[in-house]
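Inspection log for the structure reproduced underneath, given as structure tokens.
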Amino acid sequence: MTKRNRVFAAILLAYAIGVALLMWRLLADIDPRYRESAEESLVEVAHLVAAQIEQRWREPARLAEPAIDIEPLEPLFRDLYARELDAEIFGFRKTRIELRLAVVDANGRVVFDSLGRAVGADHSQWRDVRLALEGRYGARTTPDVQSDPATAVMYVAAPLERDGVIVGAVSVGKPARSFGQFVEAARRKTLVIGVTSVIAVALLVLLLSVWLVRPFGLVADYVRYVRAERSFSLPRLSRRALGTLGAAYNEMRDALVGRNYVADYVQTLTHELKSPLSAIRGAAELLHEASMPAPDRERFVANIECETARIQELVDRMMELAALESRRALERTAPVAMRALLEERVASAQAAAAPRRIGVALVAPAEATVDGDALLLQRAVGNLLDNAIDFSPAGGHIEVSLAVAGQRVEVSVRDHGPGIPDYADDKVFEKFYSLARPHSQRKSTGLGLPFVREIAELHAGRIGLRNAEGGGAVAVLSLPLSANTASPAPQNP
């Protein structure tokens, strides 16, 4: 049996045993609970009939009669049994009266029986009658046929009192089969619920066992590591345990969110590809016309090349961002001198901005060092500069500054373009969201700023973009200062 099957079987067996014990207890309690409810109703009926009989003794014409007056009971029950019923109670139809009534004198002898079977019989030894004649609560369950428990009848008795003396008792009975059908229905429903829950949990455990196998494998690796250690080292074992649990958590999290992540990416990528593909298809259809002038043909071919390059850039950027998002932490870090890095990126940006006469200046009065990946930080600063150049007007200028604020290094890139519209203020870091460039009215892939945000998060930093005072926008990349960096000396004003 494979590890997965063992995990599945163990969890399912434990749950099945628990459900079986619960079902056994519930099924055993159903019948007593219904009997208690029926007995409670019989108590009230018995006292109701006893009170009615006692009330007849208080009538002036009957004050001198010592006998129990049962005269009204016979026609009452004759008419009661003759009534036609058609009551539907929770899916069960009741068509007849099954209530029984017996009245006994002070010696326990039956003076009235609603069924007419036991008149004159001695019931003084029946538990309900005996206890009622003694002034105590009495109840019993007795089958009509001694060898057939299905004919059991529940009885409850109430005493008859005259001038404070017990002179008889009223015994009310109801066949157990009258509520037995409800007991069986409740048992069937309980069993259905129990079996359904076991099946549902079995499916759930089957899914969970797929994701639990790998974490158990990591735990097994940890156990083998502990066995292989010659000397006991609590810190080393703790780091190993935390690493094992972390790997298990990351794998389970990736399994849970990976499907939605891929679905979102496919949906957004498909949406972004629609526009360039439509342009390529339209240009290709027009190129089939033999009478098209040469200048128009060259223009449509240029459009195809431009849209193809746009698709290629979109795919490349998306693959880079997806690879970056899959990284949970930087594999290797090294001290990165930020002033030297900014000088290199500013020099490259000056060449890119020269055709539109945009100046790029660096203000870095002090050196600052961060721990991270120099290549990724270069890409982040480069993306911010590219974004600033795109939104700068011809002949404008861009300021790049480096500052240390407490234990953080802040790299600011400011342009003097139109700024961020109010409607886009909270969307600039969303994937595939882009604003039209003022000079070309074209949009980018919308992946540059999300790429910068991922790089910042990998370096335990953050990125912000806001409108600057006096116009334009300013992007601020904040990173933790390297622990090996000495605090800068205060500068004279």
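Here are a few things to note about the model shown:
- In this structure, I398 qualifies as in a strand (DSSP E or B) and more than 44 Å from the chain's Cα centre (by Cα).
- Looking only at the range 170-200, residues that are among the charged types (D, E, K, R), within 28 Å of V119 (Cα to Cα) and touching a Leu at 6+ places or on another chain (Cβ under 7 Å) come to 1 in all.
- Of the residues making up the range 162-180, those that are charged (D, E, K, R) and touching a residue at least 24 places away in the same chain (Cβ under 8 Å) are R162, K174, R177.
- Selection from the range 29-51 of residues that are at pLDDT 80 or above and either touching a Phe, Trp or Tyr at 6+ places or on another chain (Cβ under 7 Å) or small (G, A, S) (or both): S37, A38, S41, A46, A50, A51
- Residues of the range 303-336 satisfying the condition of being at pLDDT below 75, among the hydrophobic types (A, V, I, L, M, F, W, C) and either under 30 Å from L402 (Cβ atoms) or in the same structural domain as D373 (by TED's automatic domain parsing) (or both): L321, A323, L324, A329
- If you check G91, G138 for being closer than 17 Å to P159 by Cα and at pLDDT below 90, only one passes: G138.
- Residues of the range 15-36 that are over 36 Å from the mean Cα position of the chain (by Cα) and in contact (Cβ under 8 Å) with a residue 12 or more places away in the chain: D31, Y34, R35.
- Close contacts from the range 443-462, counting a first residue that is at negative phi and a second that is among the basic types (K, R) and in a loop (DSSP other than H, G, I, E, B), with Cβ to Cβ under 6 Å and a gap of 6+ residues or different chains, come to P450/K431.
- Inter-residue pairs, beta-carbon under 6 Å, first hydroxyl-bearing (S, T, Y) and in the range 100-119, second not in a loop (DSSP other than H, G, I, E, B), 6+ apart: S114/F77; S114/R100; S114/L101
- Cβ-Cβ contacts under 9 Å between residues 6 or more apart (or on different chains), taken from a first residue in the range 374-391 that is without any contact (Cβ under 8 Å) to a residue 40 or more places away in the chain to a second residue that is part of a helix (DSSP H, G or I), are listed as Q378/L341; Q378/E344; Q378/R345; G382/R345; G382/S348; G382/A349.
- Annotation: of all residues in the range 263-298 being of a type in the set (D, E) and more than 18 Å from S444 (Cβ to Cβ), the one that is modelled with the highest pLDDT is E298.
- Close Cβ contacts (under 6 Å, 6 or more residues apart or on different chains) running from residues in the range 353-366 that are within 15 Å of L384 (Cβ to Cβ) and modelled with pLDDT of 90 or more to residues that are of a type in the set (A, V, I, L, M) and in a strand (DSSP E or B) comprise V360/I398; L362/V400.
- Flag if A20 is modelled with pLDDT of 80 or more, of a type in the set (G, A, S) and in a helix (DSSP H, G or I): yes
- Note on the range 147-169: residues that are assigned to a helix (DSSP H, G or I) and loosely packed, with under 14 Cβ neighbours inside 10 Å amount to 2.
- Selection status of D144, surrounded by fewer than 18 Cβ atoms within 10 Å (Cβ to Cβ) and free of Cβ contacts under 8 Å to residues at least 60 places away in the same chain: yes
The values are calculated or read from the model by the stated rules, or taken from the named source; none is laboratory data. Source: prediction; values computed, not measured. FYI the Cβ positions are ideal-geometry reconstructions off the backbone, even for glycines, and counts take in every protein chain you see.
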